[in-house]
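Down below is the structure, laid out as structure tokens.
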Amino acid sequence: MDKITCIAYLLYESSKNPLIKEMAIQLLNGDISIRDLKRNNSIRAHVVIAETLLKKNEISKIQVQQFVEEFMTIEV
């Protein structure tokens, strides 16, 4: 799994706030970047925490895969 996908998963799972969950899905689908998220003061701390958790490698690849299958949109 790539870094962006894992951060999107961690953001989605770490918050009950629907706005943060929506931003995580947007990040997964490439509609918003990590740089954009870090500019937003209300979500910056969540992004930093997600990056820290990713560096510690405390993430289930199977759960990330399930998150991607559920929320990634594919345009044809």
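Here are some notes:
- Listed residues T5, T52, T73 arranged by accessible area, highest first, probe 1.4 Å: T73, T52, T5
- Reported to the nearest whole Å, the Cα centre-to-centre distance from the range 16-54 to the range 1-15 is 8.
- Distance (nanometres) between label positions extended 7 Å along Cα→Cβ at Q66 and T5: 1.6
- Only aspartates and glutamates eight or more places from K55 in sequence, or on another chain, were considered; those with a Cα closer than 20 Å are D2, E13.
- Shape parameters for the chain, alpha-carbon atoms, Rg then Dmax in Å: 11.5, 36
- Relative contact order %, the chain, counting alpha carbon pairs below 8 Å whose residues are six or more apart: 37
- Peptide packing for 21-28, 37-44, 7-14 was compared via the average number of neighbouring C-beta atoms within 10 Å per residue; ordered from the highest value, the list is 7-14, 21-28, 37-44.
- Computed from point charges on the beta carbon alone (+1 for Lys and Arg, -1 for Asp and Glu), the dipole magnitude for the chain about its Cα centre is near 440 Debye.
- Mean residue ellipticity (222 nm) of the chain, computed from DSSP H runs ≥ 4 via -39,500 (n - 2.57), nearest 500: -22000 deg cm²/dmol
The values are calculated or read from the model by the stated rules, or taken from the named source; none is laboratory data. Bear in mind the structure is a predicted one, so any value in this text is a computation, not a measurement. Positions of Cβ are generated from backbone atoms using ideal geometry, with glycine treated the same way; all protein chains shown enter the neighbour counts. All accessible areas refer to the heavy atoms of the entire protein, side chains included, with ligands and DNA or RNA removed. Shrake-Rupley method; radii C 1.70, N 1.55, O 1.52, S 1.80 Å.
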